[in-house]
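Beneath this line is the structure, given in structure tokens, with notes to follow.
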Amino acid sequence: MDQLLAIKVFARVVEAGSFTRAADSLQMPKATVTKLVQGLEAHLQVKLLLRTTRRVTVTPDGAAYYERTSRLMSELSELDASLRGAQASPRGRLRIDTGGTIASGILLPALPEFRARYPDLHLDLGVTDRIVDLVGENVDCALRGAAEDSTLISRKIGTVGWTTCA
């Protein structure tokens, strides 16, 4: 049994006052709603709802359970929202190392727009043409023309055309 889903369904039955209205609002079959609530009651070994052909009544244990779980569900929703917000707006320190040509030709011109878009992200930009020990030097990301170390994960992020002039 998915206890979290069963708790959500139980809460919806309490709020809606009937299994049918709860099933409709959750877009679930009524039988599924009934089975989830019955499974929750079996798991807890307590009757949460009194059912008659005409109405559904919350037992005292059910009312206490609803009150405590509704607070927990509210906190869980707030936690989910805060993490979704954190993903939408990253923050912290990002350490990047790249060669001089990529830095001057690509990164530096894009930096003002990047800073405006992610104001809570602090960049440490290292510009060097030497091979960097990413782990040893605590570098999060290296932008290079080719992967230097086959043990690291590399992704192609773009193509740059080069011209040699003399």
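The C-beta contact set for the stretch 13-29 (first residue closer than 14 Å to Arg54 by Cβ and of a type in the set (A, V, I, L, M, F, W, C), second residue assigned to a helix (DSSP H, G or I) and open to solvent by 60 Å² or more (accessible area, probe 1.4 Å), distance under 9 angstrom, 6+ apart or interchain) comprises Phe19/Lys30. Screening Val135 on (1) surrounded by fewer than 11 Cβ atoms within 10 Å (Cβ to Cβ); (2) out of contact with any Lys or Arg (no Cβ under 6 Å at 6 or more places or on another chain); (3) closer than 23 Å to Ser89 by Cβ; (4) of a type outside the set (Gly, Ala, Ser) shows it passes everything except condition (3).
Arg84 meets the conditions (1) closer than 30 Å to Asp120 by Cα; (2) among the basic types (Lys, Arg); (3) open to solvent by less than 100 Å² (accessible area, probe 1.4 Å) in every case but one. The failed one is (3).
Restricting attention to the stretch 117-132, the residues that are under 28 Å from the mean Cα position of the chain (by Cα) and open to solvent by 80 Å² or more (accessible area, probe 1.4 Å) total 2.
Checked against (1) closer than 30 Å to Ala142 by Cα; (2) surrounded by 11 or more Cβ atoms within 10 Å (Cβ to Cβ); (3) not aromatic (Phe, Trp, Tyr), Thr59 passes all but condition (1).
The values are calculated or read from the model by the stated rules, or taken from the named source; none is laboratory data. These numbers come from a predicted model, not from an experiment. Ideal geometry is used to build each Cβ from the backbone, glycine not excepted, and the neighbour counts take in all protein chains shown. Accessible surface areas use protein heavy atoms only, side chains included; no ligands, DNA or RNA. Shrake-Rupley method; radii C 1.70, N 1.55, O 1.52, S 1.80 Å.
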